[in-house]
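Each remark here refers to the structure printed beneath this line.
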Amino acid sequence: MQDYFKNLFVKEPLEIIDNDYYYDADGDGDNFDEADEKDWLNGRFKSNWEYKRQGRGNLKICDEIAGKIAEDSKPYLEIVCGPGMGLTPAILGKNPELPCLAADACSRLIKAWRQYINGGELKQHNISLASFSAFDIPLKDNSFDYVTSFIGIGSTRNGLDGQMQALREVFRILKPGGSFVTIEGEFIDSAKVDEVFRLWGKYNWHSDKRYQQPWHDKFISAGFKIDSYDKHYVHKWTKDDNDVGEAAEKFNIDIAMKYNLYILRKI
């Protein structure tokens with residue numbers, strides 16, 4: 001953990017491992033297992049990083065804003081970084097020395113990222129790591145000029161309530177005038193999603209009307225000004241995405257999300 005980031009924490013970590021901070025937040029994150037960890041370290045981390053670093057495919061939409069963050073050279077926070085490390089590969093690909101704090105609730109994931117970084121693949125980058133919940137970010141108010149995320153808020157627990165709590169936390173730790181840069185998605189045809197869950201025999205938490213509130217409304221409700229949301233791409237879910245995509249393939253139903261790049265500002 002770099003000294004700059006250490007000075008931003010307002011709570012002592014429950015554990016420090018390899019100079020990374022851990023806050024016992026696994027219950028608020030994805031439940032990855034040993035098989036996932038082996039997959040990450042046997043090539044998934046590398047392929048995820050290179051795909052985003054090169055701005056390939058759909059991720060071309062974040063190339064311009066990644067360049068702006070890189071050019072500003074201000075330390076930033078990647079929240080709910082996941083196995084893909086959010087937007088960080090695209091940003092650090094343009095400025096390898098930019099200080100970054102990457103965080104996720106899953107302690108197994110953060111430990112795996114540290115192992116991968118220390119193994120040499122990403123040693124040229126200035127990446128600090130921490131494991132904490134997006135619902136209770138242990139950082140000072142007005143800490144960052146930039147917070148970034150890739151489908152991070154949408155993957156939090158507790159439906160709309162959890163999403164709004166995470167957004168309020170991001171708003172709190174941003175400096176006045178600071179930007180939250182995030183990609184989030186909404187289903188194109190919710191009826192097809194309903195049908196997948198019906199055939200699957202599982203509760204469709206996506207059908208909760210409160211959960212379906214548009215991201216635009218959620219961001220405004222959390223206090224953000226929306227500077228931009230015009231860049232987007234469409235992605236069909238498959239088994240490589242999640243278990244819902246796997247079920248959709250099984251029942252031969254195409255479900256897709258439209259993902260928007262939002263640039264939000266704290267005013």
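The values are calculated or read from the model by the stated rules, or taken from the named source; none is laboratory data. Everything numeric in this text was worked out from a predicted model, so none of it was measured. Quick reminder, even Gly has a Cβ in these numbers, built from the backbone with ideal geometry, and neighbours come from all protein chains shown.
A few remarks follow.
- Restricting the range 228-243 to residues that are modelled with pLDDT of 85 or more and surrounded by fewer than 12 Cβ atoms within 10 Å (Cβ to Cβ) leaves a set whose member that is farthest from the chain's Cα centre (by Cα) is ASP230.
- Given (1) part of a strand (DSSP E or B); (2) in contact with a Phe, Trp or Tyr (Cβ under 6 Å, 6 or more places away or on another chain); (3) of a type in the set (A, V, I, L, M, F, W, C), number of the condition PHE180 does not satisfy: (2)
- Residue that is surrounded by the most Cβ atoms within 10 Å (Cβ to Cβ) [pool: residues in the range 56-67 that are more than 24 Å from ASP243 (Cα to Cα) and in contact with a strand residue (DSSP E or B) (Cβ under 7 Å, 6 or more places away or on another chain)]: CYS62
- Test result for LYS250, among the basic types (Lys, Arg) and in contact with an Asp or Glu (Cβ under 9 Å, 6 or more places away or on another chain): no
- Of residues in the range 12-55 being of a type in the set (D, E, K, R) and touching a strand residue (DSSP E or B) at 6+ places or on another chain (Cβ under 7 Å), the one nearest to THR88 (Cα to Cα): ASP20
- Residue in the range 216-232 that is of a type outside the set (Asp, Glu), part of a loop (DSSP other than H, G, I, E, B) and more than 23 Å from LEU77 (Cα to Cα) present: no
- The range 138-152 residues that are on the phi > 0 side of the Ramachandran plot and modelled with pLDDT under 95, paired with ones that are of a type in the set (Asp, Glu) and crowded, with 20+ Cβ neighbours inside 10 Å (beta carbon under 8 Å, 6 or more apart): ILE151/GLU184
- When the range 109-124 is filtered for residues that are in contact with a helix residue (DSSP H, G or I) (Cβ under 8 Å, 6 or more places away or on another chain) and surrounded by fewer than 19 Cβ atoms within 10 Å (Cβ to Cβ), the ones remaining, listed by number, are GLN115, TYR116, GLU121, LYS123.
- Total residues in the range 1-18, condition in contact (Cβ under 8 Å) with a residue 60 or more places away in the chain and not in a helix (DSSP H, G or I): 9
Matching residues to (1) of a type in the set (Lys, Arg); (2) in contact with a Lys or Arg (Cβ under 9 Å, 6 or more places away or on another chain); (3) at pLDDT 95 or above:
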{"site": "ASP3", "(1), (2), (3)": "no, no, no"}
{"site": "ASP20", "(1), (2), (3)": "no, yes, yes"}
{"site": "TYR23", "(1), (2), (3)": "no, yes, yes"}
{"site": "TYR51", "(1), (2), (3)": "no, no, no"}
{"site": "ARG56", "(1), (2), (3)": "yes, no, no"}
{"site": "ILE61", "(1), (2), (3)": "no, yes, no"}
{"site": "LEU87", "(1), (2), (3)": "no, yes, yes"}
{"site": "GLU97", "(1), (2), (3)": "no, no, no"}
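- Which numbered condition TYR211 misses (of (1) at pLDDT 90 or above; (2) out of contact with any Asp or Glu (no Cβ under 8 Å at 6 or more places or on another chain); (3) hydroxyl-bearing (Ser, Thr, Tyr)): (1)
- Selected residue [crowded, with 21+ Cβ neighbours inside 10 Å, farther than 18 Å from ALA166 by Cα, of a type in the set (Gly, Ala, Ser) and touching a helix residue (DSSP H, G or I) at 6+ places or on another chain (Cβ under 7 Å)] from ALA70, ALA90: ALA90
- Filter pass, LEU77 being part of a helix (DSSP H, G or I) and either within 16 Å of the chain's Cα centre (by Cα) or buried (at least 24 other Cβ atoms within 10 Å of the Cβ) (or both): no
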